[in-house]
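Single-structure report; data block below.
Throughout, read-outs are computed from the coordinates displayed, never taken from laboratory work. These figures come from a predicted structure and were not determined experimentally. Note that we place each Cβ from the backbone using ideal geometry, even for glycine, and neighbour counts take in every protein chain shown.
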Amino acid sequence: MSIKVGIAGPVGSGKTSIIEYLTNLLQSEYKIGIVTNDIYTTEDANYLKTKLDIDSDMIIGVETGGCPHTAIRDDISMNLKACEYLEKEFQPDIIFVESGGDNLSATFSYELVDYYAYIIDVAQGGDIPRKKGAGLLFSDLLVVNKTDLAPYVGVNLEQMKSDVKDNRKNKPFLFISNQEEETIVKLKDWIIALL
Ligand SMILES: Nc1nc2c(ncn2[C@@H]2O[C@H](COP(=O)(O)OP(=O)(O)O)[C@@H](O)[C@H]2O)c(=O)[nH]1
Ligand SMILES: [Mg+2]
């Protein structure tokens, strides 16, 4: 059985990039499958197929054709089918399921994934954690990405951390940036702990 990890969050927050780094860090020890969701294309899957050094048949792009929330929360049949195919053909250790970009209310069905991380980024505004939203409050891990951009977009990271702490209660969160390798390693460690 694979462990299935959902990666949700608004368009452009860094979901595909995060799957790319995690796969690069994990692939020597774990077999990875990937399912991406786009509304009208298989753009993210195509991107990952060109970038990653894993069997491209283990990367499946689901074209949801409609509301991106529905395909990960309500009618999960297309995503389930993709995951079942990967499990049957390749027996991966981990399957990452990237949601189509959403607004702050999207969540994964736990019938589709075992755990999910919710990704926001600092360039969307420092006030996002105060605006709450289901993914932000209830995800298994909240990731605040692109901390390197904070000085350029006038975001106070300390204030943002304090807002995140208040809203997450005891649930975990990470502030990360692709410019700081050790933060990506912490994210990888979170995945390994799930296994
Ligand atoms: N500055 C900066 N840019 C990032 C970081 N992570 C991702 N990006 C960029 O953000 C853009 C959107 O990322 P992508 O992974 O496609 O977002 P998605 O729509 O959530 O899948 C891309 O141009 C990435 O290169 C980061 O930590 N810092
Ligand atoms: Mg993406």
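A compact table of results
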read-out	value
Ellipticity estimate at 222 nm from DSSP helix runs (n ≥ 4, -39,500 (n - 2.57)) divided over the chain, nearest 500	-11000 deg cm²/dmol
Kirkwood Rh (inverse of mean 1/r, distinct Cα pairs), the stretch 131-195, angstrom	12.7 Å
Cα-based convex hull, the stretch 47-135, per residue volume (Å³, whole number)	123 Å³
Burial ranking of peptide ranges 153-161, 56-64, 125-133 (average Cβ count within 10 Å, highest at the top)	56-64, 125-133, 153-161
Paramagnetic reach from MET1 (point 7 Å along Cα→Cβ, amide N under 11 Å) across the stretch 114-147	114
Amide N of the stretch 52-71 lying under 17 Å from the label point, which is placed 7 angstrom from the Cα of LEU194 along Cα→Cβ	59-60
The chain: relative contact order as a whole-number percent, Cα under 8 Å and 6+ apart	26 percent
Those lysines that a straight Cα-Cα span of less than 22 Å connects to LYS188, excepting residues fewer than 8 apart in one chain	LYS4, LYS15, LYS31, LYS49, LYS51, LYS146, LYS161, LYS165, LYS171
Extension reserve of the ASP75-GLU180 stretch, reckoned as 0.36 nm per residue once the Cα distance is removed	34.1 nm
Residue range of the chain that is longest and free of chymotrypsin sites (Phe, Trp or Tyr not before Pro) which are both DSSP loop and sparsely packed (at most 15 other C-beta within 10 Å)	111-195
Globularity index of the chain, i.e. its alpha-carbon radius of gyration over 2.2 N^0.38 Å	0.97
Segment LYS51-GLN91, extension gain: residue separation times 0.36 nm, minus the distance between their alpha carbons	12.2 nm
